[in-house]
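Below is one structure, written out as structure tokens, with a few remarks after it.
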Amino acid sequence: MSEHPQPFRLVSDFQPAGDQPEAIAALENGLRAGRRRLILEGVTGSGKTFTMAHVIARLGVPALIVSHNKTLAAQLYAELKTFFPHHAVEFFISYYDYYQPEAYIPQTDTYIEKDAAINDELERFRLAATNALLSRPDVIIVASVSCIYGLGSPDDYRAMLVALRPGMELERDEMLARLVAIQYARNDYEPQSGTFRVRGEVVDVFPSYNKSGVRVMFCGDRIEGLIELDPTTGRTGQGLEQALISPARHFVMPREKLDPALARIRAELDDSVRTFEAQGKLLEAQRLKQRTEFDLEMLRELGYCNGIENYSRHLSGRPAGAPPACLIDYFPPGFLTIIDESHVTLPQI
């Protein structure tokens, strides 16, 4: 546990009462003593969330709160936003409104493509969570078990952050190239999330993780100023001392790492095709080759493809059987994990 915690200021009209002061003290003392597992029991309405908030405030370390369903996670998120209005309280759940996994029926050569409908608002919440973890210490994330599902490498994600500040020496075109590398698209007409527009020496960036944009004003090869921007009205707000633009997607990697990853994917494809052909499964071999080569071309040209998580092992360079990175890997050492409704959540995990 950190000896110099970051301050968490809890805002509430009420003070702990009944058994809560004793529970808060016991939990805090146990965690500071190095105990790894503690249980807080209480009936519905006994103020467990309030108790949990006080423990977070006293310890002053980043916290992950895992809930067993989206509805309860949203409720906890809303409550903790009220308790900690001055800190980064974020929300991380699955962003699929609909998901149809891909399938293949070799007897009829029927291939059913994977189909999914992604909720843009939930994706923004997820990206805001990882951005907060990499840019500030006072972070509380309420998540579903989606937090243990695979994400891109936090090292690659961190390495591709675009840090901007007034007075910084940076060519405009270099910044644009860096934005494209982290999956931002140029759109001079409509201010959509994950896009940027260029008007002379002014570049407006609309981050994938935030509802407000950032106006970057250049003077030659130097950033003259940064201003908060409302994408809807176009009005500018307060000046910014710095802006940290994180990737528009969780699966990103530097170009120098992409080519070796594509070679590893190609090698596995060739090996799998040979195996199918040796077994006389020519339809399976043809379908696998067609699909994978299309994905390889998308990755080579755009740095992204649908179903990119299927190639995460090669993209991150992990050995076979190694677990992928997940949200937990984005947290700094010494963070606090709280599992809500643990009798239901732990079996899911």
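Okay, here's what the table says:
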read-out	value
The range 166-244: relative contact order as a whole-number percent, Cα under 8 Å and 6+ apart	24
Hz values of 3J(HN,Hα) by residue in the range 44-49 - Karplus curve (6.51, -1.76, 1.60), Gly and Pro given as x	4, x, 8, x, 5, 5
Rg(Cα) / (2.2 N^0.38 Å) computed for the range 303-349, rounded to two decimals	1.56
Cα-based reach from LYS211 at 18 Å (exclusive), listing aspartates and glutamates while leaving out same-chain residues under 8 positions away	GLU90, ASP120, GLU121, GLU123, ASP188, GLU190, GLU228, ASP230
For ILE118, residues with placed amide H under 5 Å, excluding near neighbours	ASP97
log10 of Debye I(q)/I(0), alpha-carbon scatterers only, for the range 173-319 at 0.08 Å⁻¹	-0.34
Accessible surface of the range 26-95, 1.4 Å probe, proportion on carbon and sulfur as whole %	51
Dipole magnitude of the chain, debye to nearest 20 (Cβ charges: Lys/Arg +1, Asp/Glu -1, about Cα centre)	520
Net charge of Cβ neighbours under 13 Å - reference GLU28; Lys, Arg +1; Asp, Glu -1	+2
At 1.002 mPa s and 20 °C, Stokes diffusion of the range 240-349 via Kirkwood alpha-carbon radius, µm² per second	125
Length-normalised contact order of the range 90-222 in % [C-alpha pairs under 8 Å, at least 6 apart]	20
Long-range Cα-Cα pairs in the range 1-151 (distance over 21 Å), rounded percent	54
Whole-number percent relative contact order across the range 135-292, with pairs defined as alpha carbons under 8 Å at least 6 apart	22
Filtered GluC sites (Glu not before Pro), the range 75-171: DSSP coil and at most 14 other beta carbons within 10 Å	GLU102, GLU113, GLU171
The chain - mean residue ellipticity at 222 nm from DSSP helices (-39,500 (n - 2.57) per run, n ≥ 4, rounded to 500)	-11500 deg cm²/dmol
Aspartates and glutamates with Cα under 13 Å of LYS257, excluding same-chain neighbours fewer than 8 positions away	ASP155, ASP156
Efficiency of FRET between MET298 and VAL43 - r from beta-carbon atoms, R0 56 angstrom, step 0.05	0.60
Candidates LYS281, LYS257, LYS70, ranked by Gaussian network fluctuation over the chain, Cα under 10 Å, top entry	LYS281
Distance in nm between pseudo-label sites at LEU10 and ALA181 (7 Å out along the Cβ direction from Cα)	4.4
Per-selection metrics, the range 98-176 (Cα): Rg and Dmax in Å	19.2, 64
The range 30-117 - accessible surface per residue (Å², probe 1.4 Å)	55
Residues of type lysines that LYS281 reaches as a straight line, Cα spacing below 26 Å, ignoring anything fewer than 8 places off in the same chain	LYS114, LYS289
Packing rank of 282-295, 196-209, where each peptide gets the mean count of other beta carbons within 10 Å, highest leading	196-209, 282-295
Derived scalar couplings ³J(HN,Hα) [the range 95-109; Karplus, 6.51 cos²θ - 1.76 cosθ + 1.60; whole Hz; x for Gly, Pro]	9, 8, 7, 8, 9, 10, x, 6, 8, 9, 10, x, 4, 10, 6
Under 5 Å, built H, 5+ apart or other chain: amide partners of LEU240	LEU226, ILE227, GLU228
Volume of the Cα convex hull of the chain, divided per residue and given in Å³	176
Charge dipole of the range 278-321 about the Cα centre (unit charges at C-beta), most positive-ward option of GLN279, SER312, LEU299	GLN279
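The values are calculated or read from the model by the stated rules, or taken from the named source; none is laboratory data. As the structure is a computational prediction, the values presented were derived from the model and not from experiment. Don't worry about glycine lacking a Cβ; one is built from the backbone with ideal geometry, like all the others, and counts go over all protein chains shown. All accessible areas refer to the heavy atoms of the entire protein, side chains included, with ligands and DNA or RNA removed. Shrake-Rupley method; radii C 1.70, N 1.55, O 1.52, S 1.80 Å.
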